[in-house]
Structures are given as structure tokens and as C-alpha cells.
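What follows is a set of notes on a single structure, which appears directly below.
The values are calculated or read from the model by the stated rules, or taken from the named source; none is laboratory data. If you're wondering where the values come from, they're calculated on a predicted model, not measured in any experiment. Ideal geometry is used to build each Cβ from the backbone, glycine not excepted, and the neighbour counts take in all protein chains shown. Just so you know, the surface numbers come from the protein's heavy atoms only, side chains and all, with ligands and any DNA or RNA stripped out. Shrake-Rupley method; radii C 1.70, N 1.55, O 1.52, S 1.80 Å.
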Amino acid sequence: MISILVVEDDRHVRRLLEAVLRREGYDVYTAEDGYKALDILEVQHIDLIVLDIMMPNMDGYEFAAELQASNSTIPVLMATAKHLPEDKKKGFRLGTDDYMTKPIDTEEMLLRIQALLRRSQIATSRKLVVGKVILDYEALTVTREDEKQTLPQKEFYLLYKLLSYPDRIFTRIQLMDEIWGMNNESVDTTVNVHINRLRKRFEHYPDFELVSVRGLGYKAVKKV
């Protein structure tokens, strides 16, 4: 599932955009300012950002500058009440990929998002390479040379998440919230069970290892 981050300080607009995007099948995260958005980017894989300009604490320009400084390749659609050409030019200079003015036409927004995703090739191909291992997000497959395995959805998402952020520790709660959902009633041991299954599947792979960090959670370690 493609993940979109909506950065917007107006609660009503934020909820509207979230509802529209979820209805289209996107996984949606929201933040009310640039600082909260950066926190989300630290722990979540995001494919596209819808960004407001005028926000408290850290505005859209400052946030875009932070992304640019980190060499981020995440497409950014800037949506704002600012209409002047200079405002648009400033956004583009800071690395934003597209621009639309408020009030937001949600149908237009969806079309622009689809175009940005096509250009970044995320909509059609999302693959992660670790050594000789290739994870195909759309097909839920893990391929190493001539061996290809199709994983159950939750197992694949768990492995993809950990390998997307090698050496970063994720708590069981973080993994449960993102992969099973905050309202899911699965017990805490669900993560442990899935980790053990993944270890069994890939115990003969020299490319990576899933490591338990006592008292904290799990991390993936690249070995090649």
C-alpha cells in the first residue's frame, strides 16, 4: 500500500484530505506542522507528501528545506492558500514537485498525486534490494537468485519495514500499530510469532538477520 503524509495545520482540512485519500486506498499519516512531520518520517516509510505552507512552529518552506538538505527523493505536492507566482517559485526552488492552491479540489489533488507517483515510479514498482535479495512490495515476493518466495501479507510487511531501516530498533508496539493497525485486537506476541516465522524462512540467507534487542524490540541487520 502506498503511504501518503498530509502536513496541514487546519484540523478540518487535514481530516478531509485523510478521508479522501483513505477512500482511494492510500495509507495516510497526518501531522499539524513540520516538526511532527519529520518525526513521522523518522519511523514510517512515506511515498508522497501533501504539504501546506502556512503552519505554526515549522512552516512548509522550512520543512521542504529540511527535506532538500537530507537529499530526500519523496515527491511533495504543496497545497496552500498562497497564490502569488513568487510563492510557487520559492516552493519549487526548495524541491517541491507540484503545487495547487486552496480551496483544494480533491479530484484535482488525486489526479496530481497519481501523476507524481507515476513519475516517481512508485505506483508501478516498489522494490527493496538487500545484497542479492529483492523484495517486491506489490507482489509480496522475496527473491534471491533462482529462489522466489511469496509471503503472507503481514509477514512481508514486517520484513519490508525492518529492512527499509537497517539497524533501527522498532518496538513491538510500533510494529503492531503500523502493520496490524492501532485498533487491532491481536496480542503482543503476534509480532514475536511473525519474526520467528521470518527467521525460519530466511535462516539460510547470508544477506540479513533479524535481531532481538532485549527489552526494546527488533531490528534488521544487513550482513553484506
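The solvent-accessible area of Met176, taken with every protein chain present and a 1.4 Å probe, is close to 20 Å².
Relative contact order, whole percent, for segment 1-132 stands at 21, derived from Cα pairs under 8 Å and 6 or more residues apart. Computing Rg and Dmax of the Cα atoms in Å directly from the structure and comparing it against [x] 18.9, 59; [y] 24.3, 104; [z] 16.7, 55 singles out [x].
What is the dipole size for the chain, taken about its Cα centre, with +1 at each Lys and Arg Cβ and -1 at each Asp and Glu Cβ, in debye to the nearest 20?
On the way: 32 positive and 36 negative charges, 146 e Å.
That gives a dipole near 700 debye.
When the chain is described by a simple charge dipole with +1 on each Lys and Arg Cβ and -1 on each Asp and Glu Cβ, the residue from Val13, Tyr218, Phe92 located farthest towards its positive end is Tyr218.
What percent does the relative contact order of segment 70-170 come to when contacts are Cα pairs within less than 8 Å and at least six residues apart? Write out the running numbers ahead of the final one.
Working: 97 pairs, mean separation 15.8, N = 101.
The value is 16 percent.
Centre-to-centre, using Cα atoms only, segment 1-50 and segment 148-181 are separated by 20 Å. Note on surface exposure: His194, His12, His45, His204 rank His12, His204, His45, His194 by accessible area, highest first, 1.4 Å probe. Structural size metrics of segment 95-163, computed from C-alpha coordinates, are Rg and Dmax of 16.5, 52 Å.
Mind checking the per residue accessible area of segment 1-152 for me, 1.4 Å probe, whole number of Å²? Intermediate results must be reported in sequence, preceding the final value.
Numbers: 7890 Å² over 152 residues.
Value for segment 1-152: 52 Å² per residue.
The solvent-accessible area of Ser70, taken with every protein chain present and a 1.4 Å probe, is close to 80 Å². Once C-alpha pairs closer than 8 Å and six or more residues apart are averaged by separation and normalised to the residue number of the chain, the relative contact order reads 13 percent.
Computed with every protein chain present, the accessible area of Arg11 is close to 120 Å² [probe 1.4 Å].
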